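**Student:** Got a structure for you, questions after.
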Amino acid sequence: MQSKGSVTKQTIIENIIEHIHLHGFAQTSMNDIIALTGVKKGNLYFHFKSKEELILQALKEAHRQYQEYLDKHIRRVSHPIGKIEAMLDAVFEYHSKRKFIGGCIFGNTATEMADKHPEFREFINTVFKQWIQWIENQLEEGISMGILKNETPVQELSHHIIAALEGGILVAKVSKNKQDLHHAIQCIKTLLNYYKRY
């Protein structure tokens, strides 16, 4: 059973994720956080030493929730390339439901904070590396199963998939046109098909 303090801390984190997603670090003040959570400033500083610590914890919770969402879709598929395609479809569904408002919270944070705050940069770098490594694992399994050609450039392709996906999300965020993300995803799927043996 969680203590009252840990429940309060988790509630604070969950209540500010959407605000951070839409407004980022600089446009999220302690007064915003107080208004969003209903928690007094003294209680906030009891749970978190700084705004930086609080927002970093919120980003980590956003990552946990997003990964859980992706995993739910990926688990339905056993085929390694099908898993990648299921992930792509889940990303499209997620951003479509949001009407492409906010874009990728991790891409946003990378743009805003990577050159300003080492802890934020390290966390976002870890998120991207985790996604790239997961795709590498699926591609390697696809090769070992004889689904993909032996000459499939695993590292290059896995990096390209994440870069193209993040780019598609960014363009769709600006245009509010689902076709922009759809085209990026279709190009990734075409590239995957190119390396299939059949």
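**Student:** Can you tell me how many residues in the range 110-126 are surrounded by fewer than 15 Cβ atoms within 10 Å (Cβ to Cβ), more than 12 Å from the chain's Cα centre (by Cα) and of a type outside the set (Lys, Arg)?
**Tutor:** Let us first name the residues in the range 110-126 that are surrounded by fewer than 15 Cβ atoms within 10 Å (Cβ to Cβ), namely 111, 114-116, 118-119, 122, 125-126.
Checking which are more than 12 Å from the chain's Cα centre (by Cα) leaves us with 111, 114-116, 118-119, 122.
Then keep just the ones that are of a type outside the set (Lys, Arg); that gives 111, 114-115, 118-119, 122.
Going through the range 110-126 one residue at a time, the tally reaches 6.
**Student:** Further, regarding this structure: Quick one: which of 107, 103 is touching a residue at least 40 places away in the same chain (Cβ under 8 Å), surrounded by 12 or more Cβ atoms within 10 Å (Cβ to Cβ) and within 30 Å of residue 141 (Cα to Cα)?
**Tutor:** Criteria check complete, one pass: 107.
**Student:** Hey, can you tell me all the residues within the range 46-60 that are of a type outside the set (A, V, I, L, M, F, W, C) and exposed (fewer than 15 other Cβ atoms within 10 Å of the Cβ)?
**Tutor:** Of everything in the range 46-60, those that are of a type outside the set (A, V, I, L, M, F, W, C) and exposed (fewer than 15 other Cβ atoms within 10 Å of the Cβ) turn out to be 49, 50, 52, 53, 60.
**Student:** Out of the helices (runs of 4 or more DSSP H) lying entirely within the range 118-198, which hold 2 or more residues that are basic (Lys, Arg)?
**Tutor:** Counting at least 2 such residues, we get 118-144, 178-194.
**Student:** Now for a separate question. Hey, among the residues in the range 75-94 that are surrounded by fewer than 20 Cβ atoms within 10 Å (Cβ to Cβ) and aliphatic (A, V, I, L, M), which one's farthest from residue 198 (Cα to Cα)?
**Tutor:** Per the criteria, the residue is 90.
**Student:** Looking at (1) surrounded by fewer than 12 Cβ atoms within 10 Å (Cβ to Cβ); (2) over 28 Å from residue 141 (Cβ atoms); (3) not assigned by TED's automatic domain parsing to the domain that holds residue 129, can you tell me which one residue 97 breaks?
**Tutor:** For residue 97, the exception is condition (3).
**Student:** Determine, yes or no, whether residue 92 is modelled with pLDDT of 95 or more and touching an Asp or Glu at 6+ places or on another chain (Cβ under 9 Å). Walk me through it before giving the result.
**Tutor:** On the way: modelled with pLDDT of 95 or more: yes; touching an Asp or Glu at 6+ places or on another chain (Cβ under 9 Å): no.
Taking the combined requirement at face value, the residue does not satisfy it.
**Student:** Looking only at the range 152-198, which residues are among the polar types (S, T, N, Q), touching a residue at least 40 places away in the same chain (Cβ under 8 Å) and crowded, with 16+ Cβ neighbours inside 10 Å?
**Tutor:** Here is the first cut: in the range 152-198, the ones among the polar types (S, T, N, Q) are 152, 155, 158, 175, 177, 179, 186, 190, 193.
This time we only want the ones that are touching a residue at least 40 places away in the same chain (Cβ under 8 Å), so: 152, 175, 177.
If the condition is that a residue be among the polar types (S, T, N, Q), touching a residue at least 40 places away in the same chain (Cβ under 8 Å) and crowded, with 16+ Cβ neighbours inside 10 Å, then 152 is the only one that fits.
**Student:** Please go through (1) closer than 28 Å to residue 196 by Cβ; (2) in contact with a His (Cβ under 6 Å, 6 or more places away or on another chain); (3) of a type outside the set (Ser, Thr, Tyr) for residue 105 and return the number of the only condition it doesn't satisfy.
**Tutor:** That leaves (1) as the condition not met.
The values are calculated or read from the model by the stated rules, or taken from the named source; none is laboratory data. Remember, predicted model here, so these are calculated numbers, not experimental data. Every residue, glycine among them, receives a Cβ derived from its backbone with ideal geometry; neighbour counts consider all protein chains shown.
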